[in-house]
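S.K.: Below are the structure tokens for one structure; questions will follow.
The values are calculated or read from the model by the stated rules, or taken from the named source; none is laboratory data. What you see is a predicted model; the values in this text were computed from it and never measured. So basically every Cβ, Gly included, is an ideal-geometry build from the backbone, and we count neighbours across all protein chains shown.
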Amino acid sequence: MISLGLIILSALISAAAVALAGRVARWHVSRVALAATATFVAVVVWRLVANAASLNEDFMPAISVGDAGCLLAGGIPPGLVAASDRTLPRKALPVIAGALAAFLANVIVL
């Protein structure tokens, strides 16, 4: 079982990566805030589900199903924001940053 404090820490790291990538990509502040907030929520919810379903056992060295699911939890929210606004530049940057940061933060922190 992973503690709530560590889950929140990994979600904050993921959201910060999305926010930074969104600003680098020159997204409007409201879109950056939406993508980062949604990423934070998605990572927290996913990790709580992974805790409840006991998906934290490693199937590879240092990688669990819970960690792997964070790729989606970190990438889908900025992807949905990018898909909803045709005017956003460099749509892939926040998506890739969110997915990788969420995965790596969960492998390293948790």
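S.K.: Can you name the residue in segment 96-110 that is over 29 Å from residue 28 (Cβ atoms) and touching a residue at least 40 places away in the same chain (Cβ under 8 Å) and, of all such residues, is surrounded by the fewest Cβ atoms within 10 Å (Cβ to Cβ)?
M.R.: Across segment 96-110, the extreme among qualifying residues is 109.
S.K.: Under the condition of being in contact (Cβ under 8 Å) with a residue 60 or more places away in the chain and assigned to a helix (DSSP H, G or I), which residue from segment 17-31 is surrounded by the fewest Cβ atoms within 10 Å (Cβ to Cβ)?
M.R.: 24
S.K.: Name every residue in segment 81-95 that is touching a helix residue (DSSP H, G or I) at 6+ places or on another chain (Cβ under 7 Å), farther than 14 Å from residue 40 by Cβ and either of a type outside the set (D, E, K, R) or crowded, with 18+ Cβ neighbours inside 10 Å (or both), in order of residue number.
M.R.: Hits for segment 81-95 are 82, 88, 93, 95.
S.K.: Looking only at segment 32-43, which residues are under 11 Å from the mean Cα position of the chain (by Cα), hydrophobic (A, V, I, L, M, F, W, C) and farther than 12 Å from residue 110 by Cβ?
M.R.: 35, 36, 38, 40, 41, 42
S.K.: Here's something else I'd like to know. Take segment 58-80 and flag every residue that is under 12 Å from residue 47 (Cα atoms) and either outside any helix (DSSP H, G or I) or touching a residue at least 60 places away in the same chain (Cβ under 8 Å) (or both).
M.R.: 64, 66, 70, 74
S.K.: On the basis of being more than 27 Å from residue 91 (Cβ to Cβ), assigned to a helix (DSSP H, G or I) and touching a residue at least 40 places away in the same chain (Cβ under 8 Å), does residue 51 make the cut?
M.R.: Answer is yes for this residue.
S.K.: Which count do you get for residues in segment 44-79 that are aliphatic (A, V, I, L, M) and buried (at least 23 other Cβ atoms within 10 Å of the Cβ)?
M.R.: 2
S.K.: Report, by residue number, each residue of segment 85-110 that is assigned to a helix (DSSP H, G or I) and at pLDDT below 95.
M.R.: Scanning segment 85-110 gives 106, 107, 108, 109.
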